[in-house]
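Okay, so here's the structure we're looking at.
The values are calculated or read from the model by the stated rules, or taken from the named source; none is laboratory data. All values reported here derive from a predicted model rather than from experimental measurement. Ideal geometry is used to build each Cβ from the backbone, glycine not excepted, and the neighbour counts take in all protein chains shown. Just so you know, the surface numbers come from the protein's heavy atoms only, side chains and all, with ligands and any DNA or RNA stripped out. Shrake-Rupley method; radii C 1.70, N 1.55, O 1.52, S 1.80 Å.
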Amino acid sequence: MATTTLQPTRRQRDGQAVRLSKWRTVAYEVALNGWRILRETVNDFSLWRIIEYPWATRALNLRRGDLVLDVGSGTSSYPHMLAREGVNVIVLELDPERVRWQARKRRATARPGDGRFFPLVASATAMPFCADSIARIAAISSLEHIPDDAAVGREIGRILAPGGIAALTLPFTSGERASFFAGIRRFVPVGRNAFVQEGKAGSFFRFYTLEDLERTYARPAGLRMSRLEGFGRSILNGRYHETRLTRYWRRFVLKDLVLALVVHPLEKRFDRSDPLYVMFTLHKP
Ligand SMILES: C[S@@+](CC[C@H](N)C(=O)[O-])C[C@H]1O[C@@H](n2cnc3c(N)ncnc32)[C@H](O)[C@@H]1O
């Protein structure tokens with residue numbers, strides 16, 4: 001007699017829409033890193049990521065079985081969250097130690113039914129993919145650290161498949177920033193809206209105007225920018241992140257959940273000041 005199973009097969013589940021709420025993002029961090037992540041984060045997880053990961057997942061319009069290229073993953077849990085949701089992920093990162101960290105993390109936390117996970121040491125300035133081959137690209141707070149961003153813009157435009165979507169989050173200014181983290185850490189200006197952190201080799205950081213975003217990431221390959229949304233305005237950035245309170249940045253992550261759920265929507269609705277970061281999508285016709 002043939003046996004039956006009530007569990008849908010992986011193939012049957014493929015195609016289901018993927019939803020990642022702010023709560024679920026925090027729950028995933030706990031599942032992947034343990035409860036200590038709420039007290040002191042081991043990666044870059046904090047207020048901004050609680051806003052960025054759900055936004056990027058929605059903006060990419062992801063379904064189980066899709067493939068996402070995550071550019072500049074660092075030691076982020078985002079690729080693991082996507083894998084848990086049945087999405088296949090390529091982790092592309094320049095630092096081999098961080099890629100090894102990602103592979104170890106994957107081995108330690110993988111479950112049956114997860115999406116596949118491809119860790120890759122490569123530079124976003126020369127990505128080892130064919131033209132028009134990748135339908136979904138995420139770059140969460142990573143491209144601002146790459147000095148040759150023009151090369152990254154060209155590469156995203158080259159590899160994005162027709163009809164594909166890239167979801168990017170990047171630091172923003174409407175004009176010209178004279179300082180960054182003034183009085184907290186020393187960042188020295190090295191160009192218009194570009195800084196390097198004193199004493200920390202290679203720590204580069206750049207802010208973008210709308211025109212910079214268009215010129216660097218949209219125009220080279222004729223991509224269409226849309227869904228532009230800001231975060232981190234006068235309260236979340238001005239009274240918190242770019243002040244001495246930033247020492248609590250990696251601590252007490254539950255406070256970040258409250259800030260993301262309560263203050264961020266209020267700022268979005270009522271605060272017209274410059275956001276610290278913007279999130280936007282690029283579409284290839
Ligand atoms: C702020 S971290 C990434 C944050 C991460 N995406 C997240 O969601 O928390 C920036 C990462 O970009 C990586 N990176 C810097 N230059 C790169 C390049 N040319 N290509 C790929 N990754 C690069 C750094 O090694 C670092 O791990």
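When the residues of the stretch 72-96 are filtered to those that are assigned to a helix (DSSP H, G or I) and within 21 Å of residue 144 (Cβ to Cβ), which remaining residue is nearest to the ligand (Cβ to nearest atom)?
In the first step, residues of the stretch 72-96 are kept if they are assigned to a helix (DSSP H, G or I); the result is 78-84, 96.
Within this subset, residues satisfying the condition of being within 21 Å of residue 144 (Cβ to Cβ) are 78-79.
Working: 78: 5, 79: 9 Å.
Within the stretch 72-96, the match that is nearest to the ligand (Cβ to nearest atom) is 78.
If a residue has to be of a type in the set (A, V, I, L, M, F, W, C), more than 10 Å from the ligand (Cβ to nearest atom) and not in a strand (DSSP E or B) to count, how many in the stretch 105-129 make the cut? So that I can check it myself, show each step before the final result.
Step one: of the stretch 105-129, the residues of a type in the set (A, V, I, L, M, F, W, C) are 108, 110, 117-118, 120-122, 124, 126-127, 129.
Retained after the next criterion (residues that are more than 10 Å from the ligand (Cβ to nearest atom)): 108, 110, 117-118, 129.
Then keep just the ones that are not in a strand (DSSP E or B); that gives 108, 110, 129.
Total meeting the criteria: 3.
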- Checklist (1) assigned by TED's automatic domain parsing to the domain that holds residue 49; (2) more than 15 Å from the ligand (Cβ to nearest atom); (3) assigned to a strand (DSSP E or B) applied to residue 132, failing item: (3)
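Counting just the residues of the stretch 34-46 that are within 12 Å of the ligand (Cβ to nearest atom) and touching a residue at least 60 places away in the same chain (Cβ under 8 Å), which one comes out surrounded by the fewest Cβ atoms within 10 Å (Cβ to Cβ)? Walk me through it before giving the result.
First, pick out the residues of the stretch 34-46 that are within 12 Å of the ligand (Cβ to nearest atom): 41-46.
Among the residues that remain, those that are also touching a residue at least 60 places away in the same chain (Cβ under 8 Å) are: 41, 44-46.
Working: 41: 21, 44: 17, 45: 25, 46: 21.
Here the residue is 44.
Only one of these is under 20 Å from residue 282 (Cβ atoms) and basic (Lys, Arg): 186, 215, 177. Name it.
Working: 186 fails: under 20 Å from residue 282 (Cβ atoms); 177 fails: under 20 Å from residue 282 (Cβ atoms).
Just a single option satisfies the conditions, and that option is 215.
Looking only at the stretch 161-180, how many residues end up being away from the ligand (no atom under 12 Å from the Cβ), more than 21 Å from residue 119 (Cβ to Cβ) and of a type in the set (A, V, I, L, M)?
Summing the residues that are away from the ligand (no atom under 12 Å from the Cβ), more than 21 Å from residue 119 (Cβ to Cβ) and of a type in the set (A, V, I, L, M) in the stretch 161-180 gives 3.
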- Task: Being modelled with pLDDT under 95 and within 13 Å of the ligand (Cβ to nearest atom) narrows it down to one of 153, 202, 183, so name that one.
- Result: 202
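Listed here are the residues, each with its yes/no results for (1) over 17 Å from residue 69 (Cα atoms); (2) free of Cβ contacts under 8 Å to residues at least 60 places away in the same chain; (3) in contact with a helix residue (DSSP H, G or I) (Cβ under 7 Å, 6 or more places away or on another chain); (4) not assigned by TED's automatic domain parsing to the domain that holds residue 54.
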| position | (1), (2), (3), (4) |
| --- | --- |
| 138 | no, no, yes, no |
| 162 | no, no, no, no |
| 167 | no, no, yes, no |
| 181 | yes, no, no, yes |
| 200 | yes, yes, no, yes |
| 216 | yes, no, yes, no |
- Item | Every pair of residues 6+ apart whose Cβ atoms lie under 8 Å, when the first sits in the stretch 270-285 and is free of Cβ contacts under 8 Å to residues at least 60 places away in the same chain while the second is small (Gly, Ala, Ser) | 271/234; 273/234; 273/238
- For residues that are open to solvent by 60 Å² or more (accessible area, probe 1.4 Å) and either assigned to a helix (DSSP H, G or I) or touching a Phe, Trp or Tyr at 6+ places or on another chain (Cβ under 8 Å) (or both), tally how many sit in the stretch 150-174. 2
- Task: With the checklist (1) within 13 Å of the ligand (Cβ to nearest atom); (2) touching a Leu at 6+ places or on another chain (Cβ under 6 Å) in hand, flag the one item residue 197 doesn't pass.
- Result: (2)
- Odd one out for residue 249, checked against (1) modelled with pLDDT under 95; (2) of a type in the set (Phe, Trp, Tyr); (3) in contact with a Lys or Arg (Cβ under 9 Å, 6 or more places away or on another chain): (3)
- Taking residue 142, is it hydroxyl-bearing (Ser, Thr, Tyr), within 15 Å of residue 92 (Cβ to Cβ) and near the ligand (Cβ under 9 Å from one of its atoms)? yes
